[in-house]
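Report on one structure; see the data block that follows.
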Amino acid sequence: MSDLTSETRLRLGTWNLNRDKPQWRQPFQADHISDEADVWLLTEVPAAWQHFTARLSLSGSRPHETDQYWSAIISKWPLESIKAKHPSLAMARIKHPKGAFLAASSVFPWRGAAKHWPSKDGDSFADRCARTLRTHRAEICSARGVLPVVWGGDFNQALSGRDYVGRDAGRDSLSKAFAHLGLRAVTVDAEGQDLPQRPMDHIAIPEEWNSWTPKVRRPQTDNRLLSDHPSYVVLVGRGTDDGTVLKVP
(Lines give C-alpha, C1' and ligand atoms only; values in the text may rest on other atoms or scores of the structure.)
Protein backbone atom coordinates (compact mmCIF):
# COMPACT_ATOMS: atom_id res chain seq x y z
CA MET A 1 0.00 0.00 0.00
CA SER A 2 2.47 2.59 -1.18
CA ASP A 3 -0.37 5.13 -1.60
CA LEU A 4 -1.02 5.38 2.14
CA THR A 5 -0.99 8.97 3.35
CA SER A 6 -0.73 10.46 6.81
CA GLU A 7 -4.54 10.69 6.83
CA THR A 8 -5.20 7.01 6.09
CA ARG A 9 -2.67 5.48 8.43
CA LEU A 10 -1.52 5.84 11.98
CA ARG A 11 1.40 4.63 14.05
CA LEU A 12 0.22 3.02 17.27
CA GLY A 13 2.65 2.51 20.12
CA THR A 14 2.65 0.96 23.57
CA TRP A 15 5.37 1.37 26.16
CA ASN A 16 5.74 0.79 29.89
CA LEU A 17 7.68 3.82 31.15
CA ASN A 18 8.80 1.99 34.30
CA ARG A 19 7.57 4.50 36.83
CA ASP A 20 8.93 7.77 38.16
CA LYS A 21 12.59 7.15 38.90
CA PRO A 22 15.31 7.74 37.96
CA GLN A 23 14.06 11.10 36.76
CA TRP A 24 16.90 11.64 34.25
CA ARG A 25 15.04 9.28 31.89
CA GLN A 26 11.93 11.38 31.50
CA PRO A 27 13.02 13.94 28.83
CA PHE A 28 14.58 11.13 26.77
CA GLN A 29 11.38 9.09 27.06
CA ALA A 30 9.47 12.15 25.85
CA ASP A 31 11.76 12.43 22.82
CA HIS A 32 11.18 8.79 21.93
CA ILE A 33 7.42 9.23 22.23
CA SER A 34 7.45 12.37 20.08
CA ASP A 35 9.40 10.70 17.30
CA GLU A 36 8.04 7.18 17.04
CA ALA A 37 4.21 7.11 17.00
CA ASP A 38 1.01 9.11 16.53
CA VAL A 39 -0.96 7.53 19.38
CA TRP A 40 0.66 5.99 22.45
CA LEU A 41 -0.94 3.54 24.88
CA LEU A 42 1.36 4.04 27.85
CA THR A 43 1.68 2.34 31.22
CA GLU A 44 3.42 3.10 34.55
CA VAL A 45 3.43 6.79 33.68
CA PRO A 46 5.23 9.22 36.04
CA ALA A 47 2.86 11.65 37.71
CA ALA A 48 5.55 14.34 37.45
CA TRP A 49 5.41 14.21 33.67
CA GLN A 50 4.60 17.57 32.12
CA HIS A 51 4.77 16.39 28.52
CA PHE A 52 1.87 16.35 26.04
CA THR A 53 -0.62 17.55 28.64
CA ALA A 54 -2.94 19.06 26.01
CA ARG A 55 -3.54 15.67 24.38
CA LEU A 56 -3.27 13.33 27.31
CA SER A 57 -5.82 11.04 28.99
CA LEU A 58 -4.87 9.50 32.34
CA SER A 59 -6.06 6.55 34.40
CA GLY A 60 -6.14 6.56 38.17
CA SER A 61 -2.93 6.61 40.18
CA ARG A 62 -1.50 3.64 42.03
CA PRO A 63 -2.58 3.45 45.69
CA HIS A 64 0.00 4.77 48.15
CA GLU A 65 2.21 5.68 45.17
CA THR A 66 1.30 9.15 44.01
CA ASP A 67 4.41 9.22 41.81
CA GLN A 68 2.71 7.39 38.93
CA TYR A 69 -0.45 6.73 37.00
CA TRP A 70 -1.34 3.22 35.95
CA SER A 71 -1.80 4.12 32.30
CA ALA A 72 -2.23 6.98 29.84
CA ILE A 73 -3.05 7.79 26.23
CA ILE A 74 -1.20 10.42 24.19
CA SER A 75 -2.34 11.49 20.73
CA LYS A 76 -1.02 13.79 18.01
CA TRP A 77 -4.68 14.47 17.18
CA PRO A 78 -7.25 16.03 19.52
CA LEU A 79 -8.76 13.62 22.01
CA GLU A 80 -11.69 13.47 24.37
CA SER A 81 -10.72 11.85 27.66
CA ILE A 82 -13.14 9.27 29.07
CA LYS A 83 -13.07 8.63 32.80
CA ALA A 84 -12.84 4.89 33.52
CA LYS A 85 -14.22 3.35 36.68
CA HIS A 86 -11.39 0.84 37.03
CA PRO A 87 -8.21 2.66 38.15
CA SER A 88 -5.78 0.87 35.81
CA LEU A 89 -7.71 1.70 32.60
CA ALA A 90 -7.34 4.88 30.52
CA MET A 91 -9.67 5.64 27.61
CA ALA A 92 -10.07 8.42 25.05
CA ARG A 93 -11.87 9.16 21.81
CA ILE A 94 -9.26 10.06 19.21
CA LYS A 95 -10.33 12.52 16.51
CA HIS A 96 -8.43 11.02 13.57
CA PRO A 97 -8.78 12.92 10.23
CA LYS A 98 -10.59 9.95 8.64
CA GLY A 99 -12.88 9.25 11.56
CA ALA A 100 -12.84 8.92 15.33
CA PHE A 101 -11.89 5.77 17.20
CA LEU A 102 -11.73 4.73 20.84
CA ALA A 103 -8.30 4.13 22.37
CA ALA A 104 -7.85 2.14 25.58
CA SER A 105 -4.72 1.50 27.63
CA SER A 106 -4.61 -1.13 30.38
CA VAL A 107 -2.40 -2.49 33.10
CA PHE A 108 -3.26 -6.01 34.27
CA PRO A 109 -2.16 -7.68 37.52
CA TRP A 110 1.20 -9.35 37.95
CA ARG A 111 1.91 -12.02 40.52
CA GLY A 112 3.09 -9.58 43.18
CA ALA A 113 0.37 -7.00 42.63
CA ALA A 114 -1.86 -7.82 45.61
CA LYS A 115 -0.91 -4.80 47.73
CA HIS A 116 -1.44 -2.42 44.82
CA TRP A 117 -4.62 -3.85 43.34
CA PRO A 118 -8.26 -2.98 44.18
CA SER A 119 -9.45 -5.48 46.78
CA LYS A 120 -12.76 -5.96 44.96
CA ASP A 121 -10.86 -7.71 42.15
CA GLY A 122 -10.25 -10.81 44.29
CA ASP A 123 -7.76 -12.38 46.65
CA SER A 124 -5.81 -14.60 44.24
CA PHE A 125 -3.72 -13.84 41.15
CA ALA A 126 -6.20 -15.77 38.99
CA ASP A 127 -9.20 -13.88 40.39
CA ARG A 128 -7.54 -10.49 39.95
CA CYS A 129 -6.62 -11.26 36.33
CA ALA A 130 -10.08 -12.56 35.46
CA ARG A 131 -12.02 -9.76 37.09
CA THR A 132 -9.75 -7.00 35.75
CA LEU A 133 -10.16 -8.38 32.24
CA ARG A 134 -13.94 -8.58 32.55
CA THR A 135 -14.15 -5.07 33.95
CA HIS A 136 -11.89 -3.47 31.34
CA ARG A 137 -13.64 -5.26 28.50
CA ALA A 138 -17.07 -4.17 29.76
CA GLU A 139 -15.98 -0.54 30.16
CA ILE A 140 -14.50 -0.49 26.65
CA CYS A 141 -17.67 -2.03 25.22
CA SER A 142 -19.77 0.60 26.97
CA ALA A 143 -17.59 3.52 25.87
CA ARG A 144 -17.09 2.56 22.23
CA GLY A 145 -20.61 3.10 20.89
CA VAL A 146 -20.17 2.46 17.16
CA LEU A 147 -16.52 3.48 17.07
CA PRO A 148 -13.59 1.24 16.12
CA VAL A 149 -11.35 0.34 19.06
CA VAL A 150 -7.61 0.06 19.60
CA TRP A 151 -6.57 -1.50 22.90
CA GLY A 152 -3.08 -1.87 24.27
CA GLY A 153 -0.88 -1.70 27.32
CA ASP A 154 0.90 -3.99 29.76
CA PHE A 155 -1.25 -7.11 30.06
CA ASN A 156 1.40 -9.13 31.92
CA GLN A 157 0.44 -11.98 29.63
CA ALA A 158 2.24 -13.52 26.65
CA LEU A 159 0.01 -14.65 23.80
CA SER A 160 2.46 -17.07 22.20
CA GLY A 161 5.50 -19.13 23.16
CA ARG A 162 6.35 -20.00 26.73
CA ASP A 163 4.64 -17.77 29.25
CA TYR A 164 6.99 -16.56 32.01
CA VAL A 165 4.61 -14.15 33.76
CA GLY A 166 0.97 -15.01 33.02
CA ARG A 167 -1.32 -18.03 32.94
CA ASP A 168 -2.54 -20.41 30.23
CA ALA A 169 -6.10 -19.54 31.19
CA GLY A 170 -5.21 -15.86 31.03
CA ARG A 171 -3.85 -16.25 27.51
CA ASP A 172 -7.08 -17.83 26.34
CA SER A 173 -9.25 -15.27 28.13
CA LEU A 174 -7.35 -12.28 26.75
CA SER A 175 -7.51 -13.65 23.21
CA LYS A 176 -11.27 -14.15 23.59
CA ALA A 177 -11.68 -10.61 24.96
CA PHE A 178 -9.93 -9.18 21.90
CA ALA A 179 -12.09 -11.31 19.62
CA HIS A 180 -15.25 -10.21 21.47
CA LEU A 181 -14.39 -6.62 20.56
CA GLY A 182 -13.56 -7.54 16.96
CA LEU A 183 -9.83 -7.04 17.53
CA ARG A 184 -6.65 -8.90 16.71
CA ALA A 185 -3.37 -8.52 18.57
CA VAL A 186 -0.51 -7.48 16.27
CA THR A 187 2.26 -8.05 18.83
CA VAL A 188 1.72 -11.77 19.40
CA ASP A 189 5.01 -12.96 17.90
CA ALA A 190 7.19 -9.90 18.49
CA GLU A 191 10.30 -10.03 20.71
CA GLY A 192 9.72 -9.76 24.43
CA GLN A 193 11.87 -8.19 27.11
CA ASP A 194 14.44 -10.98 26.94
CA LEU A 195 14.72 -13.69 24.30
CA PRO A 196 13.08 -16.15 23.92
CA GLN A 197 10.23 -14.39 25.72
CA ARG A 198 7.30 -13.04 23.76
CA PRO A 199 5.72 -9.70 24.66
CA MET A 200 3.50 -9.12 27.65
CA ASP A 201 2.82 -5.62 26.26
CA HIS A 202 0.33 -5.72 23.39
CA ILE A 203 -1.52 -3.68 20.78
CA ALA A 204 -4.85 -4.94 19.40
CA ILE A 205 -6.57 -3.32 16.41
CA PRO A 206 -9.82 -3.89 14.46
CA GLU A 207 -9.65 -7.13 12.50
CA GLU A 208 -10.35 -5.38 9.21
CA TRP A 209 -7.53 -2.86 9.54
CA ASN A 210 -4.23 -3.53 7.80
CA SER A 211 -1.01 -3.65 9.79
CA TRP A 212 2.71 -4.09 9.27
CA THR A 213 5.31 -5.87 11.37
CA PRO A 214 5.67 -4.09 14.73
CA LYS A 215 8.91 -2.28 15.47
CA VAL A 216 10.49 -3.32 18.76
CA ARG A 217 12.73 -0.68 20.31
CA ARG A 218 14.84 -0.71 23.46
CA PRO A 219 15.59 3.01 23.64
CA GLN A 220 18.60 4.12 25.63
CA THR A 221 20.96 7.01 26.14
CA ASP A 222 24.62 6.74 27.14
CA ASN A 223 24.15 2.96 27.18
CA ARG A 224 21.43 3.27 29.82
CA LEU A 225 18.00 1.84 29.09
CA LEU A 226 15.05 4.23 29.34
CA SER A 227 12.76 1.46 30.63
CA ASP A 228 12.86 -2.20 31.58
CA HIS A 229 10.24 -2.79 28.83
CA PRO A 230 10.72 -2.45 25.06
CA SER A 231 8.47 -0.10 23.17
CA TYR A 232 6.26 -1.49 20.40
CA VAL A 233 5.06 0.55 17.43
CA VAL A 234 2.90 -0.76 14.58
CA LEU A 235 1.96 1.03 11.39
CA VAL A 236 -1.75 0.60 10.73
CA GLY A 237 -3.59 1.30 7.49
CA ARG A 238 -7.24 2.20 7.89
CA GLY A 239 -8.12 0.91 4.44
CA THR A 240 -8.49 -2.12 2.20
CA ASP A 241 -5.84 -3.77 0.06
CA ASP A 242 -6.71 -1.54 -2.89
CA GLY A 243 -6.13 1.60 -0.85
CA THR A 244 -9.81 2.42 -0.28
CA VAL A 245 -10.25 4.16 3.04
CA LEU A 246 -12.50 2.31 5.47
CA LYS A 247 -15.76 4.06 6.21
CA VAL A 248 -15.90 4.86 9.91
CA PRO A 249 -18.17 7.25 11.84
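The values are calculated or read from the model by the stated rules, or taken from the named source; none is laboratory data. Keep in mind that what you see is a predicted model, and the values were worked out from it rather than measured. Note that each Cβ is placed from the backbone with ideal geometry, even for glycine, and that neighbours are counted across all protein chains shown. Please note that ligands, DNA and RNA were not included when accessible areas were found on the heavy atoms of the full protein model with its side chains. Shrake-Rupley method; radii C 1.70, N 1.55, O 1.52, S 1.80 Å.
Could you state the principal axis extents of the C-alpha atoms in the range 103-210, from the largest down, to the nearest angstrom?
Here the spans come out as 36, 35, 19 Å, largest first.
R0 = 30 Å: FRET efficiency of residue 134 with residue 83, Cβ-based, nearest 0.05?
For residue 134 and residue 83, the calculated efficiency is 0.95.
Normalising by the residue count of the chain, find the relative contact order in percent from Cα pairs under 8 Å and 6+ residues apart.
It comes to 21 percent, rounded to a whole number.
Residues with beta-carbon under 15 Å from that of residue 226, excluding residue 226: net charge, scoring Lys, Arg +1 and Asp, Glu -1?
So the surrounding residues net to -2.
Mean separation of Cα pairs under 8 Å and 6+ residues apart, divided by the residue count of the range 141-244: what relative contact order is that in percent?
Taking the mean separation of contacting Cα pairs over the length of the range 141-244, I get 25 percent.
Have a look at the DSSP beta bridges in the chain and tell me what percent are antiparallel, nearest 5.
DSSP beta bridges in the chain are roughly 80 percent antiparallel.
Got a sec? What order do 129, 141 fall in by accessible area at 1.4 Å, biggest, i.e. largest, first?
141, 129
With a 1.4 Å probe and all protein chains kept in place, how much accessible area does residue 66 have, in Å² rounded to the nearest 10?
Its heavy atoms expose roughly 120 Å² to the probe.
Give a quick list of trypsin sites (Lys or Arg not before Pro) in the range 105-201 that DSSP marks as loop, anything other than H, G, I, E or B, with at most 15 other Cβ atoms within 10 Å.
111, 115, 162
Over the chain, one equal point on each Cα, no solvent: what is log10 I(q)/I(0) by the Debye formula at q = 0.11, 0.16 Å⁻¹?
-0.53, -1.20
Set the Förster distance to 45 Å, then compute FRET efficiency between residue 224 and residue 146 from the Cβ-Cβ distance, nearest 0.05.
So the FRET efficiency works out to roughly 0.50.
Over the range 101-249, what percent of the accessible surface lies on carbon and sulfur atoms, probe 1.4 Å?
Carbon plus sulfur share of accessible area: 48 percent.
If the cut-off is a Cα-Cα distance under 13 Å, which aspartates and glutamates reach residue 115, setting aside same-chain residues fewer than 8 apart in sequence?
65, 123
Ignoring ligands, DNA and RNA, what accessible area per residue does the chain give at 1.4 Å, in Å²?
Here the residues of the chain average 45 Å² of exposed surface.
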